[in-house]
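Engineer: Dropping the structure in here first, questions after.
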Amino acid sequence: MLLDTNVVLDAILARAPWDRDAVLLLDAIARGRATGVVAGPAVTTVHYIVERARGGTVAATAVSDLLQLVDVVALDRSDFTRALSLGLADYEDAVHVAAYLRIGAEALVTRNARDYKGAPVATRTAGEVLALLASSTPDPSAEE
């Protein structure tokens, strides 16, 4: 699943009320219960925003930690051109859609599904993904 920048930043910057689900989702990824990817440009955006909020050292640590958890979708000229043709109001969101399409992601995890209205993506919140993960986890008490 492709993680929107806002989900990553919610976890790193403890942005309530979204931080709990974002942290739990990143934890699930760290434990191998899910696979997460981010679009290449999201990495620099995360660094920039965390640096402004918490300083360069925290930003570098946050990006380093992020890169240990997720893969990065490398984009090329065709992806950026495709993003322009999607007609979304926000180009950064369109680039996320292009990354989603490049890898054939199963979901784009965001708390702003409305930003992707009309885009060819399946959006989920971090909470929805956590619920899906919980429902797919076998109940050890059910085994005899």
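Engineer: Among 74-80, 6-12, how do they line up from the highest to the lowest mean number of other beta-carbon atoms within 10 Å?
Structural biologist: 6-12, 74-80
Engineer: Another question about this same structure. For ALA11, what is the net charge nearby, where nearby means another residue's Cβ is under 15 Å from its Cβ and Lys, Arg count +1, Asp, Glu -1?
Structural biologist: Surrounding charge for ALA11 is -1.
Engineer: Counting helices only, and only those DSSP H runs with n ≥ 4, report the 222 nm mean residue ellipticity of the chain as the sum of -39,500 (n - 2.57) divided by its residues, in deg cm²/dmol to the nearest 500.
Structural biologist: -17500 deg cm²/dmol
Engineer: Let me ask something additional. As an exercise, find the ratio Rg/Rh for the stretch 1-71 from alpha-carbon atoms, using the Kirkwood inverse-distance average for Rh.
Structural biologist: 0.93
Engineer: What does the stretch 1-42 give for Rg and for Dmax, in Å, if only its C-alpha atoms count?
Structural biologist: When restricted to the Cα atoms of the stretch 1-42, Rg and Dmax are 9.9, 26 Å.
Engineer: Near GLN68, within a Cβ-to-Cβ distance under 14 Å, what is the net charge of the other residues, with Lys and Arg +1 and Asp and Glu -1?
Structural biologist: Computed value for this residue: -2.
Engineer: The stretch 118-135 to the stretch 52-85: how many Å between their Cα centroids?
Structural biologist: Distance between centres, Cα-based: 21 Å.
Engineer: Which Rg and Dmax, in Å, describe the Cα atoms of the stretch 2-119?
Structural biologist: So, for the stretch 2-119, Rg and Dmax equal 13.8, 39 Å respectively.
Engineer: Related question: If I take every Cα pair under 8 Å that is 6 or more residues apart in the chain, average their sequence separation and divide by the length, what percent do I get for the relative contact order?
Structural biologist: After rounding, I find 27 percent.
Engineer: Based only on Cα atoms, what Rg/Rh ratio does the stretch 38-105 have, Rh being taken as Kirkwood's radius?
Structural biologist: Rounded to two decimals, Rg/Rh equals 1.04.
Engineer: Please report the antiparallel percentage of the DSSP beta bridges confined to the chain, to the nearest 5.
Structural biologist: That works out to approximately 0 percent antiparallel.
FYI, it's all coordinate maths here, none of it is from the lab. Just so it is clear, the structure is predicted and the values come from calculations on it, not from any experiment. Heads up, the Cβs are rebuilt from the backbone with ideal geometry, glycines too, and the neighbour counts pull from every protein chain shown.
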